[in-house]
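Computed from the coordinates by the stated procedures, all read-outs in this text should not be read as laboratory data. These figures come from a predicted structure and were not determined experimentally. Positions of Cβ are generated from backbone atoms using ideal geometry, with glycine treated the same way; all protein chains shown enter the neighbour counts.
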Amino acid sequence: MPFGTIASAGAKQGSIGTSVTEILIVASGTKAQNLNYGGGFWFGGADNLVYKSNILSSWTTASYAGSANPNSKPQYWNGYYFLPTGDPDGAWRYSTDLSVTPTSGSVFEATARVSSMCYFGSTYYVFLNSTIKKYGYSSSISGTFTTVSNAAGYPTNGINWAATDGTTMVGVGDGGLLSTTTDGLTWTARTSSFGADDIDFVMYDTESSYWVASGANGKAAYSSNGTTWTQITSGLTAGIGVAINKCNGVFIIAQATLSVTTVKYSKSASSLPTSAFTSGSAITSTGISNENVYILATDGNYILLGAGKASISSR
């Protein structure tokens, strides 16, 4: 899953432009591939967890206490930081404070990679990205997670990312698979509009009451109900994954180009993802890698693009 967007409760809105300041958030040569916001901190997954306060130029490494993997995708739900290791060992950790060693969570499948968590219906759900069709749930993040196996309608290759609007949970996976549930147990497979292309990310935007998703081969889509999906014409390069997020009242779709030095993006004409998307000026930076591009708006007029070694601030 080389591309995606990390967003959670507490993410700020901002604007995008072509003025770029590179910010090294981890040591050179260490990949900081994911960025998120929660509990007053910006944080991201790398060879260990990195986090910072509201000073963009100052990052501190937090204790991870687990096997190192740059593909871990931390999230923030209901006051807890959720920290998957990114390794195929079923391990994940959680904490209310990034400055202390996190606690190990319940492992329900020791041979698969934990990919995502979602807090839905007062229940914590932990998902795997694996052909092992299992996921776990618990009413307490510190409790033993009940395993659900081979649920009908559940994505064949597991779930890469899950999100909720409060009444429906949407899970997306490889091969264009997208499924929904209203009770966390019974799943319905939906036509995603992605064809056979992987879907890396899904989010629900409370401002517009629309769902959006992004994935491989330059594709992104929107839905008003989580069940019926329509592709967005982004004008970006096919063959490369894209990231999507809501910034400064409009939706932004971005991708790093194969030149490894620029990020191209397009934005919606209104606050709805159904409106036409127009291309913006390319953002140039030596810190951007075509392996990853993540969008996360920061305070004020900034947007943070996390890619490879560095995060990119633009205004």
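Just to be sure I understand the model, the point goes 7 Å from the Cα along the line to the Cβ. What's the resulting A238 to A152 distance in nm?
Taking the two extended label points, one gets 3.7 nm.
Using the structure shown, list the pairs from K133/K219; K133/K264; K133/K267; K73/K219 with a Cα-Cα distance above 29 Å, or answer none.
Where the Cα-Cα span goes over 29 Å, the pairs concerned are K133/K264; K133/K267.
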